[in-house]
Amino acid sequence: MTGLRLGDIQRLRWGDIKPMGKGWAVSIVQHKTGVPVTVPLNDLALSLLPLRPDNDDENVFHLPTMSGNVTKYVRSIRDKAGITGKELTFHCSRHTAATLAISAGAELYSVSKILGHRNLVSTQVYAKVNLEKKMEAVNLTNGVFD
């Protein structure tokens with residue numbers, strides 16, 4: 001729900017989750033890019049967090065440090081869910097978060113900043129997905145008045 005990369009989730013500490021306005025946000029410097037990002041947490045993201053300990057230096061999630069081991073868990077979940085014909089990785093959650101946000105009406109610039117992209121071009125791939133959905137929607141009425 002945040003669009004954060006696996007490496008950033010693995011390193012996420014409770015001290016990185018801070019009050020922001022009337023809610024909470026993750027505020028980190030991305031490990032891969034060195035780009036600072038602040039990602040507001042919606043209700044679903046907050047509901048997925050474990051109980052907060054007293055120690056802000058503690059990791060939020062206790063994940064394997066090797067990405068291959070995380071991939072094995074994700075594949076196991078995929079198989080149990082009966083998903084076939086699709087390679088599923090942790091990184092897919094990043095794409096899903098961006099696509100859902102844009103499909104729900106979020107502006108491209110905001111999604112770009114949440115993902116920590118250095119330029120808007122990197123985020124535009126998600127806008128294309130949204131455009132395809134819009135085309136599908138308007139084409140549903142083709143033939144109605146023939």
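Just so it is clear, none of the values below were taken in a lab; they were calculated from the coordinates. What you are looking at is a predicted structure, and each value in this text was computed from that prediction instead of being measured. Every residue, glycine as well, gets a Cβ built from its backbone with ideal geometry; the counts of neighbours run over all protein chains shown.
Couple of notes before you dig in:
- Label of the coordinate-derived value, Rg and Dmax of the Cα atoms in Å, listed as (i) 16.8, 58; (ii) 14.7, 42; (iii) 17.8, 67: (iii)
- Each Lys or Arg adds one and each Asp or Glu takes one away; over the other residues whose Cβ falls under 11 Å from the Cβ of Arg78, this sums to +2.
- Looking at region 62-103, the trypsin sites (Lys or Arg not before Pro) that sit in a DSSP loop and have at most 12 other Cβ atoms within 10 Å of their own Cβ are Lys86.
- For Asp56, the shell of other residues with beta-carbons less than 12 Å away shows a net charge of -1, using +1 for Lys and Arg and -1 for Asp and Glu.
- Cα-based helix-to-principal-axis angle, 124-139 vs the chain, degrees rounded to 10: 40
- Cut-off 10 Å between beta-carbons: net charge of the residues surrounding His31, Lys and Arg +1, Asp and Glu -1: +2
- With Cα atoms, 0 to 90° folded angle of helix 67-81 axis to the chain main axis: 50
- Compared with the dominant Cα axis of the chain, that is its longest principal axis, helix 91-103 is turned about 50°.
- Number of Lys pairs (Cα under 26 Å; 8 or more positions apart or on different chains) in the chain: 15
- Summed over qualifying helices (DSSP H, 4 residues or more, each -39500 (n - 2.57)) and divided by its residue number, the chain shows a 222 nm mean residue ellipticity of -13000 deg cm²/dmol.
- Gaussian network model of the chain, springs between alpha carbon atoms under 10 Å - residue of Gly21, Gly105, Gly116 with greatest fluctuation: Gly21
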